[in-house]
Each structure stands twice: as structure tokens, then as C-alpha cells.
Amino acid sequence: MKKHLSVLLMLVLASMLTLAACGDDSASDENDSSGENGGSDEPVTLTFFSSDGQEKAFDDPVAQKITEETGVVLEMDYPVGGNDEAIPLMIAGGEYPDLIFAKGDLGKLIDAGGVIKLDDLIEERGDNLKALYGDQIDRLRNSLDDPSIYQVGTYGVEDEPMKTSGTFQMQLEVLRELGYPEINTLEEFEDALTTYYEMYPEINGQKTLPLSLQGSDWRWLITVGNPAGFAGGFPDDGQWVIDNDTGETTYKFMLPEFKEYFEWLNGMNAKGLLDPESFTQTQDTYISKLSTGRVLSVADQDWNIGDARSALIQDGMENRTFAPLPVTLDESKTHQGLKDYGFAGGWGIAISSTSENQELAFDFLDWMASEEAQILVNWGIEGEHYEMVDGERVMFEEVRESLNTNSDYPRESGVGYYIYPFPQWGTGAVDSNGQSITRDTREQVIDDLLEPEQEALDAYDIELWVDGFPQRDELEVSRHGAAANFSIPSGSDIQIIQQRADDITEQRVTEAVLAEPSEFDQLWDAMIAELEEAGVQQLNEEMTELTQNVRELWGTN
């Protein structure tokens, strides 16, 4: 009986609320047309779809402070399981969230009329964004044919790397046990793994795995495809190698350096040095293995193995966390890990054409580019996450330790969580008082080092791992940014042929790596022939034209 009464009361209340809402159409219309909050103290909810991230409520301390300053609550949505059909489904339905971070699918939204041009808004009310991008603002423009700005954010405008994943990473314990050898080539990398593996075939009661990869899903690109380019001495341009002088662009798997790398990986597999589950294991299994301390090396990025690092530290195995190394095919190659790409442009957050709060959404993005917002998203809240000491921000010790050892802490606290993919100044930027806008200062990174890391760096006579890599002033500045962030025209030959080529390489490279060494050349040649038949020459020509157009648009030709 009580249950029925409760339901009845709920229905009556819902009817009253509906009548109240219908009786105030003028206020609703005013709010919708202005895009503002209508003078109300109640925050406005903006829906936000991001192609990167995990489900999370906008309720942590930093998020609450953002709402306090902007009047905006974000209702965040992410693709389930990395589903790459989210944007096409959005377009098919014709309904869009207020804010969209579409990564490489922005062109599809532009073609469908799903996002608005931001040029006028930037000019009229985008003071923070104009100050942030300055003379780099042309890098936000869509194309030569349509030089409008549809998105902002994602990457820092002024970056100075204090960390690098290094692409190849080896356990600190392996380096220590072997007397901290110089490891700059694949041969030296393999020798170190072989020696340690022979000494310790088991770790913590489980079989030692010299090298493990995560090649069963989209991370194939990260742990299999990309390391081949890094070993070859090429910058990170996604699936491309680009001549910085001419802009000539080549689908990278066609180059001999890539064959050489995968032939080496094939040999590692034949010798029992490659985890046999490297191309079948799930991400959870991969992280679980790394967390046991029995995986001696990876070819991966820090952001993909952060959970494993945290687990190792929490289990007292700091010595089995990983050190980034500038490994290349041979000494003739120069590692490009610290290359200056400039502001990458390309990807960013757009405002949908169906949003009823377009101006508010824009003002929110503009505020995120402000000094106040940049300090908040990087450092958190004064008095809660950091304090001012002699006029400088100093992170509380417990917060600093949590950021360094607990991969869930940014999600729980908001500290550092809302940097990407929003507008960001970058790791090399300073605020109006001359202090670093981010926590990643040289001094801070040194303070955050684990004891085994410090011991290793002392042995190598360097202060940070980046000191062991070829420095920026030794490397060319990219004239096209990073090709992985290019906005590829929707439905273009580039998009169609590249997808075909990517499908071929992922399958055929995997087969070649796992084959008998005597079969490798034949399998590789068959893959090259298949790529040529798929139209890779046309792909190279059209990508070269696109690269040259980007350079012309940016004024870097």
C-alpha cells in the first residue's frame, strides 16, 4: 500500500513540475536564445562527448570549482569500449551534445553541418583564446578550401618536455643488476634482456617475460606500429614519414627501416624473448602482467601503463618500474623523442550546431584558456591541493605523492584531469608572476623521482631521463606539426585507402612477426605487394598534397 501511495505522490509532483515549466515559457525562451544562464544562480548543464576517457561524474573538487567560476556543469560521455562509430551514429541521428571532442572525425561533423564556425566568437569574445594561440591561431584552421576555425584545445601551445615515454622502456632492476649499461640500439637492448633473462628465468615465482606488447586492439598502433618508426629515427607522424624540407609524405610501412625493425621483432619471438600473448592479450591482462614485476621491458607510452606503475609502487616493487631509453635500430639513427612539433592544431573541442547554449559553451572554452583556469586544472585548489610559499605554489606532500603513485587520483580529485583535451598553455608556459603554469617543472619532476630512478640517473650522470635523449636543439622543428592530427576530409580517397592499408599492415605485420624467420622476407614482400595493389602510391601522393596544403595554410612552406 505504501509503495502505491509513493508512486501516486511522485506522479502528482511530476505533473505540478510540468505545469510550472509550461507556465514559464518566456524565461525558457530567453535562456535558450541568449545561450546564457538567464541570470539564475543555478548552473547550466552542457553535454560533452569526448572520444578519449572513461565514464566520470563532474563532481570532484576541481570540477566543482570550475562550475563555481563558469556556471557550467559538464555531463560527460565517452565511447563505450573505444567504439569508433560514435560520431557516425551521432551524425545519423542528427542530434549532438553541446561540446564534442571528435579527434580525427571532426571533418565528418563539419560535412554534416554538426558543428559551428568559431571565428566570429573568437574575435568578439575570445580574449583568452586569442592570447593563448597568438600567432599560432592559423594552426586551428580547417583547410585551404575552408580556412574556418571549428575547434580549440587538445595540445599545449608552448611545450617543453620534461618526460618522455621513450617508446622502449626497461625495468630499473634490469639496469641495476647489469651495472647500468649504455643502451641506445636494438642490439644493446636485446643483449641486456637476454643476459638478465638467463640469470632470472622466473620472478616472484612466475615465468619472466623479456618483452611484452599489447597488439590485440587499437593499441597495436601504440606498441607495435609506432615503436618501429621511433627505432628508425623518425618523428611521431602517425602512419606517415614526412620529409621536413619538401613535405613529401610516405605510408611508413613501405620504408626499409620498418622491415628491419619487424625482422628484429621476429627474431625476438623466435628466441623466446617476446611474450607469446603479445597479439592476443587484453589490456587488463597486459596491465596485470606488468603489475607482477615479471615483464622486463615494454615498447609503450606512459599513459598506457600508468595503472601498472601505480600497482608496482603500491606493492613495494619500485625497482621494477620502467626507465625510458632512446633506442634506435643502430647508432646511425637519431631518436626523435624530444622533437619540437610546435602547436599541433588539428584536434580540439567543437560546439555543436544544435546546442541551445552556444555562447555559454564558447565562454566556457574561453575561460578554460585563462590563467585562472590553467592554474586550477594543473594545480588544483589553493589550501586543498597546494599552498603559496614565498609567493610560489607548492603542492602538499600527500597530494604530490598521490599524483606520483595513484593513477586514480586525478579522476578522484580533478587535479590534472581537465588539462586534456581542453585548451592548454603547455608545459613551457609561465603565468603572470613568472611561475610555471604546470607542475611539470624540472625541479618538480626531479622531486617526484622514485629512489631507484634517482639511483639509476646518478649512475648515468644525468638529472632526468630526457637528458639521455638527443636534445631539441639537435632536432629539426616540424613544419607541419604532427600528421596524426591532420583533419582528413571525410569520405576522401585518403581516408578510404588508408583504412584499407592499415587493415593490411596490422594483419600482415602480426603474421610476419610470429612466423618462422625463414618465412619473414616472403611474407613482408607479399604485404608490400598487397599495399601497392590497395593504392598506396595514390595514398602517398594525396597525403603529400595535404601536407603541403597544411604548410601553406600555416605559412611554414
Original post:
Which residue pairs have Cβ atoms under 7 Å apart, sit 6 or more places apart or on different chains, and have a first residue in the stretch 351-376 that is among the charged types (D, E, K, R) and a second that is part of a loop (DSSP other than H, G, I, E, B)?
Top reply: Glu359/Gly35; Glu359/Glu36; Asp366/Gly126; Glu371/Asp431; Glu371/Ser432
**OP:** Would you mind telling me which numbered condition in (1) modelled with pLDDT of 95 or more; (2) closer than 29 Å to Gln64 by Cβ; (3) crowded, with 19+ Cβ neighbours inside 10 Å Arg439 fails?
**Re:** (1)
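Against the condition in contact (Cβ under 8 Å) with a residue 12 or more places away in the chain and outside any helix (DSSP H, G or I), how does Val415 come out, does it pass? Can you show your working first?
Values: in contact (Cβ under 8 Å) with a residue 12 or more places away in the chain: yes; outside any helix (DSSP H, G or I): yes.
Judged against the criteria, Val415 is a match.
Looking at the structure I just gave you, is Thr427 crowded, with 18+ Cβ neighbours inside 10 Å, within 18 Å of Asp302 (Cα to Cα) and touching a residue at least 60 places away in the same chain (Cβ under 8 Å)?
Values: crowded, with 18+ Cβ neighbours inside 10 Å: yes; within 18 Å of Asp302 (Cα to Cα): yes; touching a residue at least 60 places away in the same chain (Cβ under 8 Å): yes.
Yes.
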Original post:
Got at least one residue in the stretch 444-464 being in contact with a Pro (Cβ under 7 Å, 6 or more places away or on another chain) and either crowded, with 16+ Cβ neighbours inside 10 Å or not assigned by TED's automatic domain parsing to the domain that holds Pro235 (or both)?
Top reply: no
Subject >> Residue count, the stretch 235-270 (criterion: touching a residue at least 24 places away in the same chain (Cβ under 8 Å) and assigned to a strand (DSSP E or B)) >> reply: 5
Original post:
Scanning for something surrounded by fewer than 18 Cβ atoms within 10 Å (Cβ to Cβ), farther than 15 Å from Thr505 by Cβ and touching a residue at least 24 places away in the same chain (Cβ under 8 Å), does the stretch 218-232 turn up at least one residue?
Top reply: no
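Residues are listed down the side, and each one gets a yes or a no for (1) in contact (Cβ under 8 Å) with a residue 40 or more places away in the chain; (2) touching a Pro at 6+ places or on another chain (Cβ under 7 Å); (3) under 25 Å from Tyr460 (Cα atoms); (4) among the aromatic types (Phe, Trp, Tyr):
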{"site": "Thr154", "(1), (2), (3), (4)": "yes, yes, no, no"}
{"site": "Met170", "(1), (2), (3), (4)": "yes, no, yes, no"}
{"site": "Leu175", "(1), (2), (3), (4)": "yes, no, yes, no"}
{"site": "Pro181", "(1), (2), (3), (4)": "no, no, yes, no"}
{"site": "Met199", "(1), (2), (3), (4)": "no, no, yes, no"}
{"site": "Pro210", "(1), (2), (3), (4)": "yes, no, yes, no"}
{"site": "Gln214", "(1), (2), (3), (4)": "yes, no, no, no"}
**OP:** Could you check Val327 against (1) closer than 18 Å to Leu211 by Cα; (2) of a type in the set (Val, Ile, Thr); (3) surrounded by fewer than 22 Cβ atoms within 10 Å (Cβ to Cβ) and say which number it fails?
**Re:** (3)
Subject >> Residue that is nearest to the chain's Cα centre (by Cα) [pool: residues in the stretch 452-510 that are among the β-branched types (Val, Ile, Thr) and in a loop (DSSP other than H, G, I, E, B)] >> reply: Ile488
**OP:** Residue by residue through the stretch 461-502, note down the ones that are closer than 18 Å to Glu542 by Cβ and of a type in the set (Asp, Glu).
**Re:** Asp493, Asp502
Original post:
How many residues, within the stretch 313-326, are closer than 18 Å to Phe168 by Cβ and of a type outside the set (Ser, Thr, Tyr)?
Top reply: 6
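Residues are listed down the side, and each one gets a yes or a no for (1) in contact with a strand residue (DSSP E or B) (Cβ under 9 Å, 6 or more places away or on another chain); (2) modelled with pLDDT under 95; (3) surrounded by fewer than 17 Cβ atoms within 10 Å (Cβ to Cβ):
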| site | (1), (2), (3) |
| --- | --- |
| Ser492 | no, yes, yes |
| Ala501 | yes, no, no |
| Arg508 | no, no, no |
| Val513 | yes, no, no |
| Glu519 | no, no, yes |
| Trp524 | no, no, no |
| Thr547 | yes, no, no |
**OP:** Specify the residue that is farthest from Gln171 (Cα to Cα); the eligible residues are those in the stretch 276-302 that are in contact (Cβ under 8 Å) with a residue 40 or more places away in the chain and among the hydrophobic types (A, V, I, L, M, F, W, C).
**Re:** Phe279
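Quick grid of which residues meet (1) assigned by TED's automatic domain parsing to the domain that holds Gln314; (2) crowded, with 22+ Cβ neighbours inside 10 Å; (3) modelled with pLDDT of 95 or more:
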| position | (1), (2), (3) |
| --- | --- |
| Glu356 | no, no, yes |
| Ala361 | no, yes, yes |
| Leu365 | no, yes, yes |
| Val377 | no, yes, yes |
| Gly380 | no, yes, yes |
| Gly383 | no, no, yes |
| Glu398 | no, no, yes |
| Leu403 | no, no, no |
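Does Glu75 meet the test of being outside the structural domain of Gln336 (by TED's automatic domain parsing), surrounded by fewer than 18 Cβ atoms within 10 Å (Cβ to Cβ), in a strand (DSSP E or B) and modelled with pLDDT of 95 or more?
Details: outside the structural domain of Gln336 (by TED's automatic domain parsing): yes; surrounded by fewer than 18 Cβ atoms within 10 Å (Cβ to Cβ): yes; in a strand (DSSP E or B): yes; modelled with pLDDT of 95 or more: yes.
So Glu75 fits the description; yes.
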Original post:
Which number in (1) in contact with a His (Cβ under 9 Å, 6 or more places away or on another chain); (2) of a type in the set (Lys, Arg); (3) closer than 26 Å to Trp264 by Cα marks the one condition that Arg500 misses?
Top reply: (1)
Original post:
For the stretch 87-184, which fully contained helices (runs of 4 or more DSSP H) count at least 3 residues that are more than 28 Å from Arg551 (Cα to Cα) and modelled with pLDDT of 90 or more?
Top reply: 172-177
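Each row is one residue, and each column tells you yes or no for (1) outside any loop (DSSP other than H, G, I, E, B); (2) farther than 18 Å from Lys271 by Cβ.
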residue: Asp191; (1), (2): yes, no
residue: Tyr197; (1), (2): yes, no
residue: Thr223; (1), (2): yes, yes
residue: Asn226; (1), (2): yes, yes
residue: Gly229; (1), (2): yes, yes
residue: Gly233; (1), (2): no, yes
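Can you report the number of residues in the stretch 294-313 which are out of contact with any helix residue (DSSP H, G or I) (no Cβ under 7 Å at 6 or more places or on another chain) and more than 21 Å from Glu188 (Cα to Cα)? Give the derivation first.
First, the residues of the stretch 294-313 that are out of contact with any helix residue (DSSP H, G or I) (no Cβ under 7 Å at 6 or more places or on another chain): 294, 302-303, 306, 309.
Then drop every residue that is not more than 21 Å from Glu188 (Cα to Cα), which leaves 302-303, 306, 309.
Total satisfying the criteria: 4.
The values are calculated or read from the model by the stated rules, or taken from the named source; none is laboratory data. Predicted model, so just to flag it, every value in this text is computed and none were measured. With ideal geometry, Cβ positions are generated from the backbone for all residues, glycine too; neighbour counts draw on all protein chains shown.
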